[in-house]
Amino acid sequence: MERKNDKLNRRNFLKGAGFAGLGSVIPVSGCTESKQQVSAAKFAQIPRRRLGKTGEKISCLGLGTVFDMTNKHHILDSSVDYGMYYWDTATNYGDTKSQLGIGKYLAKNPDLRKKLFLISKPIDLETPLPVIADFDKDLAESMQRLNTNYFDAYCAVHGLSEPAQLTDELKRWAEKCKKKGLFKYIGYSAHENMAEGLLAAAKCGWIDIALVAYNFQLMQDDDYQRAIDAAHKAGVGLIAIKTQRKTTLDPMPIESEEDKKLTDHFLAGGFTTGQAKLKVVLEDERFSAAAVGIDDIGILTQNVAAAIDNTKLSKDDREALAEYARATCNRYCSGCGHICSSAVPDMPHVCSIMRCMMYYKSYGHHERARQHFARIPEDAKKNLLKVDYTLAEARCPQHLPIAKIVAEAVRKLV
Ligand code: SF4
């Protein structure tokens, strides 16, 4: 009976708060000054969690602004309404227009800055090791675009792929920047070799935050779980990205039997699959927040509803996600780049290419995919179709058809 009531409550929640209720009070445009003052009373607020050893409390749902935000101020309005004060941007998001859009918004709403927890990142790391002069330049230019004179956190290494990228030089530079008040916390982001990065961050002691890919598929990996434990115990503030586990192989939406089964399971319980995928991450309390790319009020509403709802996923719900992860793992690159790189040491870009194709196919972000692909050195690009990927495919734990995906990337992204 309890389970039945749970389902009914969830259904009401999704129907009422997730769509009709929240949708009916979300504005689609307009100024925010007066709304900011009344928002806490009028709108349910996103819960906040402690961010590792920093002691800061941030909204457990972060606004990922990977788009041109100059024409998306209504998204920022709604984010403020729901107390989603953690905003995540980077220089290359929307080709600097993410930062420019937020900067214009902050110019109109100067009192908002002190309420925000604003994280910025430079463009994805293009060199084997970080170049400090690039960070100095990026910090100055990003702050100008964003109309701010400090960041709450700066993820200097955007796209950490090797623990060696957390250099002593970077540590000394971060200490100096903190003293100057340029940012409060230093961190990195990673879509690749996340376990190795987190173990290094736990050990080195000077990394404050880590944005790492984490979702229902990656949570099945025991080595990754141990690394998350170590980082959490060391006080590294953990933020989950890529929570939806979009795939390398398929355009969305996918409508396989497995997808239909998962959709039916969660709709019967009152959630969309997207909400369930977000909730399973948010229920992992080692993570302070999940940063989710939101460029649409409907998506914002669904994510907010999932974050505010305190119904726990059941054992059956978790098993449905785990079963789906097992059945569809060969669509997904799990970012274990050290494995395919060890098989094709002359072509250490396989993992990056898989990510490019995820952006291209699942997200439909063609320009972003091309920009990432363009960063592969020209010498390596010339050899992409000459390399024998047989051993890499044999070692790939997800059994991805690497040669086929690389060939498609060359056709679509060059
Ligand atoms: S292609 Fe396979 S081995 Fe390489 S990073 Fe992706 S999942 Fe790991």
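None of the figures in this text is laboratory data; all of them are computed from the coordinates on show. Every value quoted in this text rests on a predicted model; they were computed, and no experiment measured them. Here the Cβ positions follow ideal geometry from the backbone for every residue, glycine too, while neighbour counts run over all protein chains shown.
Taken one residue at a time, the phi angles of segment 216-229 give Karplus couplings (6.51, -1.76, 1.60, θ = phi - 60°) of 4, 7, 5, 6, 7, 8, 5, 4, 5, 4, 5, 5, 4, 4 Hz. Gly and Pro are set to x. When restricted to Cα atoms, segment 50-170 yields an Rg and a Dmax of 14.5, 42 Å, respectively. Working note: Karplus 6.51/-1.76/1.60 with θ = phi - 60° gives segment 151-164 the couplings 10, 5, 9, 10, 8, 4, 8, 9, x, 5, 10, 9, x, 4 Hz, where Gly and Pro are set to x.
If you take the beta carbon distance between K312 and V131 as r and set R0 to 35 Å, what does 1/(1 + (r/R0)^6) give as a FRET efficiency, to the nearest 0.05? Please report the intermediate quantities before stating the final value.
On the way: r = 45 Å, r/R0 = 1.29.
FRET efficiency, K312 to V131: 0.20.
Measuring between alpha carbons in the structure, the pairs from K72/K108; K242/K361; K203/K279; K115/K179 lying more than 18 angstrom apart are K203/K279; K115/K179.
With Cα atoms defining each centre, segment 224-277 and segment 295-367 are spaced 7 Å apart in the structure. Size of the chain: Rg and Dmax of its alpha carbons, in Å, are 20.9, 64. In this label model, I123 and K233 are separated by 4.0 nm, measuring between points 7 Å along each Cα→Cβ vector.
Hey, quick one: spin label on D284, modelled 7 Å out along Cα-Cβ, who in segment 346-390 has an amide N within reach, i.e. under 12 Å? Correct set: none at all. A cut-off of 5 Å between modelled amide H atoms, ignoring neighbours fewer than 5 places along the same chain, links S256 with no other residue. All C-alpha pair distances within segment 120-183, sorted into 10 Å bins from zero, spread as 22, 57, 20, 1 percent across the bins. Per-residue extension of 0.36 nm, minus the Cα-Cα distance of R172 and T272, leaves a gain of 31.4 nm for this segment. Mean separation of Cα pairs under 8 Å and 6 or more residues apart, divided by the residue count, gives the chain a relative contact order of 16 percent.
The calculated FRET efficiency for V410 paired with N330, based on their beta-carbon distance and R0 = 30 Å, is about 0.90. Scanning residues 5 or more positions from A156 or on other chains, those with amide H under 5 Å from its amide H are G187, with H placed 1.01 Å from N in the peptide plane. For G293, nonlocal amide neighbours, meaning residues 5 or more places apart or on other chains whose placed amide H falls under 5 Å from its own, are G64.
For segment 333-413, report the translational diffusion coefficient in µm²/s to the nearest whole number, using Stokes-Einstein at 37 °C, 0.692 mPa s, and a Kirkwood Rh over Cα pairs. Value of D from the Cα-based Kirkwood radius: 263 µm²/s.
Which whole-number percent gives the relative contact order of segment 176-218, counting Cα pairs below 8 Å spaced six or more residues apart?
44 percent
When shorter helices are ignored and each DSSP H run of at least 4 residues is given -39500 (n - 2.57), the per-residue value for the chain at 222 nm works out to -14000 deg cm²/dmol. When each of the peptides 81-93, 362-374 is scored by how many other beta carbons lie within 10 Å of its residues on average, the order from highest to lowest is 81-93, 362-374. Note that segment 47-61 has calculated 3J(HN,Hα) couplings of x, 10, 9, 6, 9, x, 6, 5, x, 5, 10, 10, 5, 6, 10 Hz, one per residue in order, obtained from phi through the Karplus relation 6.51 cos²θ - 1.76 cosθ + 1.60 (θ = phi - 60°); glycine and proline are x.
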